[in-house]
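Asker: Let me begin by handing over the structure; questions about it come next.
The values are calculated or read from the model by the stated rules, or taken from the named source; none is laboratory data. In this text, all values refer to a predicted model and were calculated from it rather than measured experimentally. All Cβ positions, glycine included, derive from the backbone under ideal geometry; neighbour counts span all protein chains shown.
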Amino acid sequence: MPDNKQEISVVHPDGLEVEIKSGAMTRLAGVSEKLTGSTGIHLAIATIPPHCASSAHYHVNCESAIYVIKGHGRFVIGNNLDTELTIGPGDFIYVPAEAVHQPINDGADDMEIIVARNTPVEIVVEVEPAEA
């Protein structure tokens, strides 16, 4: 039997790590380096209020996988944020490292998304779209 040095962790909703506020989006981590000692994965839930968005940004050091739990909107992508992808409940989104993106909630209710990435600590660069 393997000799596991790290413990299995259960993080309850009242123990989530307030992680980031990006634009109007807030993100709470449940699996993080700080909470669980994870070294190669990170898992969080993000909430975007109605008719709001995160800031436009990209991640220097990681890929992200996103799952839309509830809400409808757009995932705006590209260096000039010139491509819009429609998103809604049940959609999975893959975001490569250094891909500029911005989730936008077009609905009347909160949008909730699960965000996973392959590093315990992300490096985020916020961007402004190019002037037309």
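Asker: Take the residues in the stretch 14-29 that are of a type in the set (A, V, I, L, M, F, W, C) and at pLDDT 90 or above; name whichever of them is farthest from MET111 (Cα to Cα). Walk me through how you get there before you give the answer.
Answerer: Filtering the stretch 14-29 for residues of a type in the set (A, V, I, L, M, F, W, C) gives 16, 18, 20, 24-25, 28-29.
Cutting the leftovers down to at pLDDT 90 or above gives us 16, 28-29.
Values: LEU16: 18, LEU28: 14, ALA29: 16 Å.
Per the criteria, the residue is LEU16.
Asker: Moving on. Return the residue satisfying two criteria in turn: it lies in the stretch 96-120 and is farther than 14 Å from MET25 by Cβ and touching a residue at least 60 places away in the same chain (Cβ under 8 Å), and of such residues it is surrounded by the most Cβ atoms within 10 Å (Cβ to Cβ).
Answerer: So, considering only residues that are farther than 14 Å from MET25 by Cβ and touching a residue at least 60 places away in the same chain (Cβ under 8 Å), the one surrounded by the most Cβ atoms within 10 Å (Cβ to Cβ) is ARG117.
Asker: Test of understanding: among GLY15, GLY23, GLY71, which residue is more than 24 Å from GLU98 (Cα to Cα), surrounded by 13 or more Cβ atoms within 10 Å (Cβ to Cβ) and among the small types (Gly, Ala, Ser)? Break it down stepwise before answering.
Answerer: Details: GLY15 fails: surrounded by 13 or more Cβ atoms within 10 Å (Cβ to Cβ); GLY23 fails: more than 24 Å from GLU98 (Cα to Cα).
Answer to the check: GLY71.
Asker: A follow-up question, please. Would a scan of the stretch 93-114 turn up a residue that is among the acidic types (Asp, Glu), at pLDDT 95 or above and under 13 Å from the mean Cα position of the chain (by Cα)?
Answerer: Taking every residue of the stretch 93-114 in turn, at least one turns out to be among the acidic types (Asp, Glu), at pLDDT 95 or above and under 13 Å from the mean Cα position of the chain (by Cα).
Asker: When you look at GLY23, is it in contact (Cβ under 8 Å) with a residue 12 or more places away in the chain and more than 14 Å from the chain's Cα centre (by Cα), yes or no? Before you say what the answer is, go through the steps one by one.
Answerer: Details: in contact (Cβ under 8 Å) with a residue 12 or more places away in the chain: yes; more than 14 Å from the chain's Cα centre (by Cα): no.
No, not satisfied.
Asker: Next question. Please tell me if TYR58 is among the aromatic types (Phe, Trp, Tyr), within 22 Å of GLU126 (Cβ to Cβ) and touching a residue at least 12 places away in the same chain (Cβ under 8 Å). Quick ask: steps written out before the conclusion?
Answerer: Numbers: among the aromatic types (Phe, Trp, Tyr): yes; within 22 Å of GLU126 (Cβ to Cβ): yes; touching a residue at least 12 places away in the same chain (Cβ under 8 Å): yes.
Spelling it out, TYR58 is indeed among the aromatic types (Phe, Trp, Tyr), within 22 Å of GLU126 (Cβ to Cβ) and touching a residue at least 12 places away in the same chain (Cβ under 8 Å).
Asker: Let me ask something else. Could you please find all residues in the stretch 86-95 being under 17 Å from HIS57 (Cα atoms) and surrounded by 13 or more Cβ atoms within 10 Å (Cβ to Cβ)? Give the derivation first.
Answerer: In the first step, residues of the stretch 86-95 are kept if they are under 17 Å from HIS57 (Cα atoms); the result is 93-95.
Once the filter is applied, which keeps residues that are under 17 Å from HIS57 (Cα atoms) and surrounded by 13 or more Cβ atoms within 10 Å (Cβ to Cβ), the stretch 86-95 yields ILE93, VAL95.
Asker: Among the residues of the stretch 74-83, which ones are of a type in the set (D, E, K, R) and surrounded by 15 or more Cβ atoms within 10 Å (Cβ to Cβ)? Break it down stepwise before answering.
Answerer: Let us first name the residues in the stretch 74-83 that are of a type in the set (D, E, K, R), namely 74, 82.
Residue satisfying the conditions is ARG74 alone.
Asker: Kindly evaluate THR36 against the criterion of being surrounded by fewer than 14 Cβ atoms within 10 Å (Cβ to Cβ) and among the polar types (S, T, N, Q).
Answerer: Details: surrounded by fewer than 14 Cβ atoms within 10 Å (Cβ to Cβ): no; among the polar types (S, T, N, Q): yes.
Judged against the criteria, THR36 is not a match.
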